[in-house]
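What follows is a set of notes on a single structure, which appears directly below.
The values are calculated or read from the model by the stated rules, or taken from the named source; none is laboratory data. In this text the structure is predicted, and so the values were computed from the model without any measurement. FYI the Cβ positions are ideal-geometry reconstructions off the backbone, even for glycines, and counts take in every protein chain you see.
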Amino acid sequence: MDLVQLQRQLVDYRTSLYHERAADHRFQRIDALVHQLKGSSSSIGAQRVRKLCIVFRNNCEAQNVEGCLNCLQQVKHEYSIVKTKLESMFQLEQQILTAGGSIPV
């Protein structure tokens with residue numbers, strides 16, 4: 001190999017290492033956010049979201065892009081269901097309070 005080819009190979013190698021580190025960082029950041037969502041879901045009893053978060057984190061650890069995207073869609077769907085249920089519950093509580101009642105604990 002001549003000098004130009006060696007230099008090009010070095011640049012390509014450095015570029016690939018940079019992209020690997022960037023990908024690692026992105027998966028770590030996503031994993032941290034999913035971990036936080038898992039904890040929040042557990043605290044309000046959203047077990048399906050919590051279980052999906054476990055699978056999502058496993059996909060992050062394996063750097064499985066397709067698995068992460070699939071989990072993201074599932075988490076969005078389950079989150080939507082939980083959000084709707086919570087909104088309904090808060091509306092009922094507000095109606096009870098407006099009617100002069102109290103919220104049972």
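Odds and ends about this structure:
- A Cβ distance below 9 Å, combined with a sequence gap of six or more or placement on separate chains, defines the contacts here; from region 75-86, residues that are farther than 13 Å from GLY45 by Cβ reach no residue that is among the acidic types (Asp, Glu) and at pLDDT 95 or above.
- Taken over region 16-51, the criterion of being in a helix (DSSP H, G or I) and among the aliphatic types (A, V, I, L, M) is satisfied by LEU17, ALA22, ALA23, ILE30, ALA32, LEU33, VAL34, LEU37, ILE44, VAL49.
- Counting residues in region 54-64 that are closer than 30 Å to ILE103 by Cβ and either surrounded by 12 or more Cβ atoms within 10 Å (Cβ to Cβ) or modelled with pLDDT under 90 (or both) gives zero.
- If the condition is being exposed (fewer than 13 other Cβ atoms within 10 Å of the Cβ) and of a type in the set (Val, Ile, Thr), then region 27-53 contributes only ILE44.
Yes/no per residue for (1) closer than 27 Å to ARG29 by Cβ; (2) touching a residue at least 40 places away in the same chain (Cβ under 8 Å); (3) assigned to a helix (DSSP H, G or I); (4) basic (Lys, Arg):
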| site | (1), (2), (3), (4) |
| --- | --- |
| CYS53 | yes, no, yes, no |
| GLU66 | yes, no, yes, no |
| LEU72 | yes, no, yes, no |
| PHE90 | no, no, yes, no |
| VAL105 | no, no, no, no |
